[in-house]
Each structure stands twice: as structure tokens, then as C-alpha cells.
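Peer 1: Below: one structure in C-alpha cells.
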Amino acid sequence: MAKKEYIYATGKRKSSIARVKIIPGTGKITINKKDIDEVYNLDTLKAIVLKPFKAVNMMEKYDVVATVNGGGFSGQAGAIAHGIAKALATTDPDVHITLKRNGLLTRDSRVKERRKYGLKKARKAPQFSKR
């Protein structure tokens, strides 16, 4: 049986779920079969995705193939970063420690609060008038 040539992990953020494969390569990042520059125009979102690589100085060591669905741009970027961090953590115990210290392995559990009856939104109440 052939040895697996990639590392797989799943990352989550808000309502986004990212399935991430890291493959030894040159640092090319593909998201939903598109290059990262086509998907994210903002440098802040690219920085979120690249944060796990920068934390462990492995920018040019792995290629990333990510499939992400659900949520918006920011949530998807966070989900991809979480998936990359989880995949990198399996490569080396020292890398795992570094990523954990930087808070990249922890799932960000903040999600949108549900709407309650009698209110307009999750916490916004209708305008009150005494008379």
C-alpha cells in the first residue's frame, strides 16, 4: 500500500467548514479550485489564511488545497486557517506546541446568537413607550 502524500484536516469558524489538504510543495494555495489571489482581494483575509505558516516559518514548504463552504469571506478564511493549523500540528510535536501557544489550534466558538420571540433580533427589543 502506498504512503499518503498529503495531510488532511477540517477547520471550522462561524458557519464555515473547510476541508484542507497540505501537500509538500512550493507554497501554492488553492481555495475551491481557484488561486488565493482570485478568492481574497483583501490582504487582511490573506494574512488570516497564512497566519499558521508564518507562526512556524513554513511558508514555502507546503501547498494547500482547500474546499470551503458556508458563511462569508471572513468566516471561510478563519476556517481555512484553522484547518491548516490542525494539519501542520500533526507534522511535528514542536510545531504543535508553537501553534497552540499562538492560539491557532483552538476552535473559535463564537457563532451568531439565535433570534428570540418578542424581539426584533437576538437582543434588540421593540421601542418602548410609556403612553
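Each reported figure results from applying straightforward, stated rules to the coordinates on display, with no laboratory input. Note that this is a predicted model, so its numbers are computed, not measured. Quick reminder, even Gly has a Cβ in these numbers, built from the backbone with ideal geometry, and neighbours come from all protein chains shown.
Peer 1: Please tell me the relative contact order of the chain in percent, rounded to the nearest whole number, where contacts are Cα pairs under 8 Å and at least six residues apart. Each step should come with its number before you reach the end.
Peer 2: Working: 227 pairs, mean separation 40.0, N = 131.
The value is 31 percent.
Peer 1: Then there's this: Please arrange Tyr117, Tyr40 by how many other C-beta atoms lie within 10 Å of their C-beta, fewest to most.
Peer 2: Working: Tyr117 4, Tyr40 22.
Ascending number of Cβ neighbours within 10 Å: Tyr117, Tyr40.
Peer 1: Next up: Helix hunt in the chain: which complete DSSP H runs extend at least 15 Å axially by C-alpha with mean Kyte-Doolittle at least 0.0?
Peer 2: On the way: long enough: 43-56 (20 Å, 0.67); 73-89 (24 Å, 0.81).
Membrane-span-like by this rule: 43-56, 73-89.
Peer 1: Among the lysines, which fall within straight-line cross-link reach of Lys34, defined as a Cα-Cα distance under 25 Å, with same-chain neighbours fewer than 8 residues apart omitted?
Peer 2: Excluding near neighbours in sequence, the set is Lys4, Lys12, Lys14, Lys21, Lys46, Lys51, Lys54, Lys61, Lys86.
Peer 1: So what are the chain's ellipsoid semi-axes, whole angstrom, largest first, if each one is the square root of 5 times an eigenvalue of the alpha-carbon gyration tensor?
Peer 2: Working: eigenvalues 256, 50, 36 Å².
Square roots of five times the eigenvalues give 36, 16, 13 Å.
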